[in-house]
Amino acid sequence: MTRPLVVLSGRHRPHELLLLAVSLVTGIAYTIGAPPPQSIAALLPSWALHVWAAGLVLSGVVGLVGALTRRPWSLAVEQAGMLIGAGALIWYTAALTTLGVPALFAGTICAGWAAANIVRAVQIRRDMRGAR
């Protein structure tokens, strides 16, 4: 069965690029000393906060490089950025779940962002398999 042809109106997905940039800026801020959200700072040891911030930085850098270049390896790099970001966001969401209802909004946003990253990674996987 052949897959339907999907035509995009533009090469870039502005929401994806924006979220990758937010990930990069936020991760850098927390890495260089901006105070992290109190909710996660209270729940995670400092090493776990650094892993989370590094995941945000790495996701932003890797994802933007993959999304903004047109090289044979670009899609694979973008996919890696999406998966790293999903991991960092799931890490944060897991910490928020222990706070219950007060963290429901933030947890829902982060879980949705992680899910969007995973969906994009799956799309890229399908595209790379179809291109071979």
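The values are calculated or read from the model by the stated rules, or taken from the named source; none is laboratory data. Predicted, not measured: the structure shown is a model, and the values here were computed from it. Note that each Cβ is placed from the backbone with ideal geometry, even for glycine, and that neighbours are counted across all protein chains shown. Each accessible area value is taken on the protein alone, full model and side chains, heavy atoms only, with ligands, DNA and RNA left out. Shrake-Rupley method; radii C 1.70, N 1.55, O 1.52, S 1.80 Å.
Out of all the residues in segment 58-74, is one or more within 25 Å of Met128 (Cα to Cα), of a type in the set (Ser, Thr, Tyr) and more than 14 Å from the chain's Cα centre (by Cα)? Yes.
When you go through Ala54, Ala94 one by one, which is the residue that is open to solvent by 40 Å² or more (accessible area, probe 1.4 Å), under 18 Å from Val25 (Cβ atoms) and of a type in the set (Gly, Ala, Ser)?
Exactly one residue qualifies, and that residue is Ala54.
All conditions but one from (1) more than 14 Å from the chain's Cα centre (by Cα); (2) part of a helix (DSSP H, G or I) apply to Thr93; the one that does not is (1). Could you tell me whether any residue of segment 9-28 is assigned to a loop (DSSP other than H, G, I, E, B), over 26 Å from Arg129 (Cβ atoms) and in contact with a helix residue (DSSP H, G or I) (Cβ under 8 Å, 6 or more places away or on another chain)? Looking through segment 9-28, none of the residues is assigned to a loop (DSSP other than H, G, I, E, B), over 26 Å from Arg129 (Cβ atoms) and in contact with a helix residue (DSSP H, G or I) (Cβ under 8 Å, 6 or more places away or on another chain).
Cβ separations smaller than 6 Å between residues 6+ apart or across chains give the following pairs from segment 24-52 residues that are under 17 Å from Thr93 (Cα atoms) to residues that are open to solvent by 80 Å² or more (accessible area, probe 1.4 Å) and part of a helix (DSSP H, G or I): Trp52/Trp91.
Just one residue in the set Leu64, Leu24, Leu19 is within 17 Å of Gln123 (Cα to Cα), surrounded by 15 or more Cβ atoms within 10 Å (Cβ to Cβ) and modelled with pLDDT of 90 or more; that residue is Leu64. Counting only residues that are open to solvent by less than 40 Å² (accessible area, probe 1.4 Å), farther than 24 Å from Pro36 by Cβ and aliphatic (A, V, I, L, M), segment 97-127 holds 2 of them. Pairs linking a residue in segment 103-132 that is modelled with pLDDT under 90 to a residue that is open to solvent by 30 Å² or more (accessible area, probe 1.4 Å) and not hydroxyl-bearing (Ser, Thr, Tyr), with Cβ atoms under 6 Å and 6 or more positions apart or on different chains, are Met128/Leu75.
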